[in-house]
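Notes to accompany the following structure.
The values are calculated or read from the model by the stated rules, or taken from the named source; none is laboratory data. On a predicted model such as this, the values are computed, not experimentally measured, just so you know. Cβ coordinates were reconstructed from backbone atoms using ideal geometry, including for glycine residues, and neighbour counts include every protein chain displayed.
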Amino acid sequence: MTGISHRQARLYIQAALDDLVSQREQKTLEEHLKTCKICQAYSNELSGVTINLQQTFHTRWDKQPTPTGPMIENVLSRRRRILMSNRLRSAARILAILATLFLFALVTNYTIHRLLPAPIGKQPLSTIRERSHQHHYPIYLARQL
Ligand SMILES: [Zn+2]
């Protein structure tokens, strides 16, 4: 036995099934398999399982081009439920955002009204009087300032 350990060889065998080994790794694996009966058996077993799985999937696929059946139905309904709850959650989020925007608009509106001078007609008479007094304007002129 040269190169790699059994553990490493098994990792390579698993990776090789998914075409995830480099050429160099493939070579060291083959070297190991040549000399190691245990890993060879493991490799055969594993590729056998893979081929079996592929065949099973193919026969099922060929039998049922549109996948139905209780398991898939179950998966689909669960998926639908998740989608529904996601939709509800995002609707709630949108409502929360709208409420926040509305509140913000209210507060902004209120603040602006407080900061800006009131329209002439709505200014309290005391303000107008004070202004006319400060600038020595007659009341009717101060009203228009
Ligand atoms: Zn080995």
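Data table
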{"read-out": "Condition broken by PRO70, with the remaining ones in (1) within 16 Å of the ligand (Cβ to nearest atom); (2) surrounded by fewer than 11 Cβ atoms within 10 Å (Cβ to Cβ) satisfied", "value": "(1)"}
{"read-out": "Test: residue in the stretch 24-33 that is at pLDDT below 80 and out of contact with any Asp or Glu (no Cβ under 6 Å at 6 or more places or on another chain)", "value": "no"}
{"read-out": "Criterion: out of contact with any Phe, Trp or Tyr (no Cβ under 9 Å at 6 or more places or on another chain), free of Cβ contacts under 8 Å to residues at least 40 places away in the same chain, part of a helix (DSSP H, G or I) and assigned by TED's automatic domain parsing to the domain that holds GLN14 - qualifying residue of ILE38, ILE82", "value": "ILE38"}
{"read-out": "Condition broken by ARG60, with the remaining ones in (1) surrounded by 10 or more Cβ atoms within 10 Å (Cβ to Cβ); (2) without any contact (Cβ under 8 Å) to a residue 12 or more places away in the chain; (3) within 16 Å of the ligand (Cβ to nearest atom) satisfied", "value": "(3)"}
{"read-out": "Among (1) within 16 Å of the ligand (Cβ to nearest atom); (2) part of a helix (DSSP H, G or I) - the single one THR100 does not satisfy", "value": "(1)"}
{"read-out": "Qualifying residue in the stretch 32-44 (condition: out of contact with any Pro (no Cβ under 7 Å at 6 or more places or on another chain), on the phi < 0 side of the Ramachandran plot and away from the ligand (no atom under 16 Å from the Cβ))", "value": "no"}
